[in-house]
1. How would you order B:49-61, B:262-274, A:62-74 from highest to lowest mean count of nearby Cβ atoms within 10 Å?
2. Of all the accessible heavy-atom surface of chain A, with the other protein chains kept in place and a 1.4 Å probe, what percent is carbon and sulfur?
3. Hey, what did chain A get for relative contact order, percent, Cα under 8 Å, at least 6 apart?
4. I'd like the mean, over residues of A:124-131, of how many other protein chain beta carbons sit within 10 Å of each residue's own Cβ.
5. List the residues of the range A:38-69 whose accessible area drops by at least 40 Å² when all protein chains are present, compared with their chain alone, using a 1.4 Å probe and counting only protein heavy atoms.
6. Regarding chain B, what's the average projected area of the Cα-atom convex hull, expressed in nm²?
7. Would you tell me the mean number of C-beta atoms belonging to other protein chains that fall within 10 Å of each C-beta in B:208-221, as a whole number?
8. Take peptides A:123-136, A:76-89 and line them up by average Cβ neighbours within 10 Å, highest first, as a rough protection proxy.
Amino acid sequence: MGTITFNDVSKIYSGQREVRALEDVSLTINEGEFVALLGPSGCGKSTLLNVLAGFEKVSSGKLLFDGTPISKPGPDRGVVFQEAALFPWLTVWQNVIFGPQVQGIARADYESRARQLLDLVGLSSFADALPVQLSGGMRQRVGIARVLVMNPRALLMDEPFGALDAQTRLSMQQLLLDVWQKLNTTVLFVTHDIDEAILLSDRICVMSARPGRIIKTIPIELARPRSIASLTSPEFVAYKAEIMSDIRITDHH
Amino acid sequence: MSSPTERISSDTGDKRKAVSSWTGLSLVAGRGARRIALALILPLAVIVIWQFAGQGTGNLFGGVLPTPDRVWNAWQIWAFGPTGMGLNPYSGTWLANVLFSAERVGKGFLFAILVGVPVGIAIGWNRIAAGALDPTIQLLRPIPITAWLPFSIAVFGIKDVGAIFLISLGAFFPIVLNTAQGARDVERNLIRASLMMGAGRWTVLRRVVLPASLPSIFTGLRIGLGIGWTAVIVAEMVAVKSGLGYVLWDAYYVGRMDVVIADMVSIGLLGLLSDFVILQIERWVLNWRRLQSYQS
């Protein structure tokens, strides 16, 4: 469970100037696979995530989740937003149990799981804190816990660590590796950070902008379990060199 | 060998340390006392000048405006004098009239909230509701509350309902406009997050749009309550036979300017008190927001 299929999907924003955010994107993400979507800002990678989440509709093509067309957002596809998007008036605990609560699940059926997850992301002692009292990294950990508590078949992460400082980002990447290696959920991870994409994913899809297209797919065959120590291995550096030549970063100096 | 200056400086340093745990509390208390003192300077100055200007005759402007001591005396009789048949019809009726007015404001304001908040959320949240309701509201809004008086008396007669209608109407517009603004400005990702977690439309409204709009709603409530006090005085002057507004107009007709001034001050203090109550509720309800602004 958790297979994602894009079949010639296009997304066009009509307006004064038509924007082709996605053009003929075909992509299959298999059950339990971790795929990173890498590209510069404005290349349509967030659009791809938004149509998959059900926040926006595709203009043409087919988009299936476990064989069913996607029509609206739902707890089977847990989204982690860049700025966490926690409810500022709810405590950490209330934020984490929001999903099961609004789905009408009995308290006894989610309470222990929510506690475990809060423990897993290291925030047990902050259960009664408000989001504003947390650091950016802690907020993002709440964002991950509140999604995992719903036991989604896929995790959609939209540059979740993009707004964090370098050190916090590393510890969050390690946390995500640990969590994912335990759960093995399908993950689509949007990022513009090459290191992050290589470190986390099984496969990197490189996107280009206007029109948004997947120009290259690179399988990452680094051994698992990985950790942030992998960042300095020779294989890692080789992948990085390959990707950098692919996206042809132009040197302005 | 330490010099005397060194000793003194280390001494004060120690004291400062010992005091530091108290500074938080005493700072707040000190700040509060200073704020109140600062706020009282202007009104006290006005009262003193007013009193001295009218010294001797006890009046200003050729007998029209009584001095503060006479206003104070009039208020004391109005508040604590014996009620019943006497030469002073206002004697002992202050509290009753205050309660009449406050009850009308309370009822009208409550009704304005019950209608204004849901309508405001609907306008801010739903395009069809906005298209259907907003133009009519914008058309009615510029009509001042005084212009509604003849209509209100014709429809409701000289009764409480008329006053409550005017108060509700006056408070309704700021409440509905601010609520709609708040509902429109809810962060898109909060809505998306709640939908992603399986919330239905109604749940999104109740658990996301409403709390996210609360800061704007409270702004509307404070403005609306102020207008409610204006409306109750206008209504009581014309459309009912009790309350502070009625006494105000009645006292003017019989030339009791001391009662008029005491009445005006009473209205001001009641408005201040009711705003303070709303502010306290807001601080309690929007605790999360206070923390937010404190940090930034």
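The values are calculated or read from the model by the stated rules, or taken from the named source; none is laboratory data. What you see is a predicted model, and the numbers here were worked out from it, not measured in a lab. Reconstructed Cβ throughout: ideal geometry from the backbone, glycine too, with neighbour counts over all protein chains shown. Remember, those area values only see protein heavy atoms, side chains included, never the ligands or the DNA or RNA. Shrake-Rupley method; radii C 1.70, N 1.55, O 1.52, S 1.80 Å.
1. B:262-274, A:62-74, B:49-61
2. Taking all protein chains in place, chain A shows 49 percent carbon and sulfur surface.
3. 27 percent
4. What the average comes to for A:124-131 is 1.
5. A:55
6. About 26.7 nm², averaged over all directions.
7. Averaged over the peptide's residues, the number is 1.
8. A:76-89, A:123-136
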